[in-house]
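Novice: Below you will find the structure I want to go over with you.
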Amino acid sequence: SLNARSISHFFRQNFSQVTNPPIDSLRERQVMSLKTRFSNLSNILDVEPDPAPVLVLDSPVLTAADWLRLQAHFGAKSAQIDCTFAAGGDSDALRAAIQRIRNEAEAAVRQGKSELFLTDETAGPDRVAIAGVLAAAAVHTHLVRRGLRSYASVNIRTAECLDPHYYAVLIGVGATTVNAYLAEAAIADRHARDLFGTRTLDECLSRHRTAIDEGLLKIMAKMGIAVISSYRGGYNFEAVGLSRALVNDLFPGMPAKISGEGYNSLHRSAVLRHEAAFDSGVVTLPIGGFYRQRHGGETHAYSAQLMHTLQSAVATDSYSTYLQFARGVRDLPPVYLRDLLEFNYPREGVPIESVEAITEIRKRFVT
C-alpha cells in the first residue's frame, strides 16, 4: 500500500485456518470468558488468603464512562501517562516518546501505583498521537523485563482502535482494558443525526461492545484459548512489515520473517496522518477505500473495471477479451505478498520423456 496504514495491519493472527476451530465460540460459549481482573495479581498457588479485594469486569472493552469510573475507583492508586509527542520534532521523537512512557510507567509502579492509564486524548494540532499498540507493548515488555508486570494493570485509551482485530492486538501485546473513544464518539455522532432509528445511545454503545466481545471470542477460539487472561500478552501474532529491531524491542519472541518499517518510518507515518487530520483546508477526510474500492483509495485486486472485463469475456465467449483481463491483472501493482513472488523456471526445458504420463497421474486421483 502507498497509504499510511493502521499499526494493527502489520500483525497477522498466528493460527491455522481450518473449518473446525479448536473451540466453537457460538456453541461452546459457556466455557469461554472475557472476565478481566485488575491490580496486583498475586501468586495463585499461595495458600494464604489475599485480603485485598479484586475488581472484576465482564469484558475488557470500556466505554468512556467506564474509563472515568475506573480512574475514580482506583483514585491515588492510578497513574495517567500521556501517549503523544510534540509535532515538528525530528525523526527520533517517536523513539524518545516511547522511552519516556516506559520510564513513567516503571516509576509509577515503583511508587505503588497499581493501575496505569495510557491515553492519547491530548492529541491535537501540536501533539501527535502514538499508536496504541506501540504504547501498550512498550509498557508491557518494559515492566516484564523489570519484573514489575504483575504489580499493575495496563489500561489504554486510543482513538486508533476501530475494529475487533485492533482490540485483539492491543490485548495480545499486554493491554488489560481498552477504551476506543473515537469509535464511541462516531457512534454518538451518528445517533445524534438519527441514523439509528429509535435506539437509545446506551443501546447503541451496548451493541458495539457486544460486537467487539463476539469478535474477541471468535479470535480466541481460533487459537483454542478459552479465557482472555490466557490471550493477554501472549503475542499470538506474526509481524509482517515491521523491522526486526523494532520487533525485538517491543514484541520480543514474535515471529517477523518479513522485515520493514522501524521507528523512523512509523514516526513519518504518524506525522503524515496527523497533518491530514489537522489540515485546515480539508473539510472531510477521505474514506480510504480499504473495504470498498474508492477513487484515489486503496488498490483492489478485483477492481470494478477488471471484473466487468471478465464478465464480458465469459458472456461473449471472447478469448481476446479474456486476454485484456489477463493483461490488466498482470499490470496491477503488488496487492498481496504473493504478488512479489515469481516462478523460478529452469533455464533448460525438461525432456518430454521425463514428463509423467497423464494416465499415471490419474491413478492418484481420489473421487
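Novice: Working only within the stretch 56-105, note down all residues that are over 22 Å from the mean Cα position of the chain (by Cα), among the charged types (D, E, K, R) and closer than 20 Å to residue 274 by Cα.
Specialist: Within the stretch 56-105, 90, 92 meet the criteria.
Novice: Determine which single condition residue 269 fails, assuming it passes every other condition in (1) over 18 Å from the mean Cα position of the chain (by Cα); (2) surrounded by 12 or more Cβ atoms within 10 Å (Cβ to Cβ); (3) among the polar types (S, T, N, Q).
Specialist: Failing condition for residue 269: (1).
Novice: Another question, if that's okay. Tell me which residues, restricted to the stretch 335-364, are of a type in the set (Ser, Thr, Tyr) and not in a helix (DSSP H, G or I). Break it down into steps so the answer makes sense when it comes.
Specialist: Keep residues of the stretch 335-364 that are of a type in the set (Ser, Thr, Tyr), which gives 336, 345, 354, 359.
Those that are of a type in the set (Ser, Thr, Tyr) and not in a helix (DSSP H, G or I): 336, 345.
Novice: Next question, about the same structure. What pairs come up if the first residue lies in the stretch 276-289 and is in contact (Cβ under 8 Å) with a residue 40 or more places away in the chain, the second is part of a loop (DSSP other than H, G, I, E, B) and surrounded by 10 or more Cβ atoms within 10 Å (Cβ to Cβ), and their beta carbons are under 8 Å apart, counting only those six or more places apart or on different chains?
Specialist: Sorted first by the residue in the stretch 276-289, then by its partner, the pairs are 278/125; 288/3; 288/294; 288/297; 288/298.
Novice: On to the next question. When the residues of the stretch 274-332 are filtered to those that are surrounded by fewer than 12 Cβ atoms within 10 Å (Cβ to Cβ) and of a type in the set (Asp, Glu), which remaining residue is nearest to residue 124 (Cα to Cα)?
Specialist: Looking at residues that are surrounded by fewer than 12 Cβ atoms within 10 Å (Cβ to Cβ) and of a type in the set (Asp, Glu), I get 279.
Novice: Looking only at strands (runs of 3 or more DSSP E) that fall completely inside the stretch 99-178, which ones have 1 or more residues that are of a type outside the set (Phe, Trp, Tyr) and closer than 16 Å to residue 233 by Cα?
Specialist: On the way: elements: 115-119, 127-129, 153-157.
Because the criterion is at least 1 residues that are of a type outside the set (Phe, Trp, Tyr) and closer than 16 Å to residue 233 by Cα, the strands (runs of 3 or more DSSP E) in the stretch 99-178 that meet it are 115-119, 153-157.
Novice: Also: Within the stretch 42-57, identify whether any single residue is surrounded by 12 or more Cβ atoms within 10 Å (Cβ to Cβ), farther than 27 Å from residue 242 by Cβ and touching a Phe, Trp or Tyr at 6+ places or on another chain (Cβ under 6 Å), and answer yes or no.
Specialist: Among the residues of the stretch 42-57, at least one is surrounded by 12 or more Cβ atoms within 10 Å (Cβ to Cβ), farther than 27 Å from residue 242 by Cβ and touching a Phe, Trp or Tyr at 6+ places or on another chain (Cβ under 6 Å), which makes the answer yes.
Novice: Just checking, does the stretch 176-183 include any residue being over 22 Å from the mean Cα position of the chain (by Cα) and either among the aliphatic types (A, V, I, L, M) or in the same structural domain as residue 12 (by TED's automatic domain parsing) (or both)?
Specialist: Step one: filter the stretch 176-183 for residues over 22 Å from the mean Cα position of the chain (by Cα), giving none.
Checked the stretch 176-183: no residue is over 22 Å from the mean Cα position of the chain (by Cα) and either among the aliphatic types (A, V, I, L, M) or in the same structural domain as residue 12 (by TED's automatic domain parsing) (or both).
Novice: Which residue pairs have Cβ atoms closer than 9 Å, lie 6 or more positions apart in sequence or on different chains, and pair a first residue in the stretch 224-244 that is within 19 Å of residue 144 (Cα to Cα) and in the same structural domain as residue 30 (by TED's automatic domain parsing) with a second residue that is of a type in the set (Phe, Trp, Tyr) and in a strand (DSSP E or B)?
Specialist: Partner pairs satisfying both residue conditions: 237/11.
The values are calculated or read from the model by the stated rules, or taken from the named source; none is laboratory data. The structure displayed is predicted, hence computed values, not measured ones. Virtual Cβ from ideal backbone geometry, glycine too; neighbours counted across all protein chains shown.
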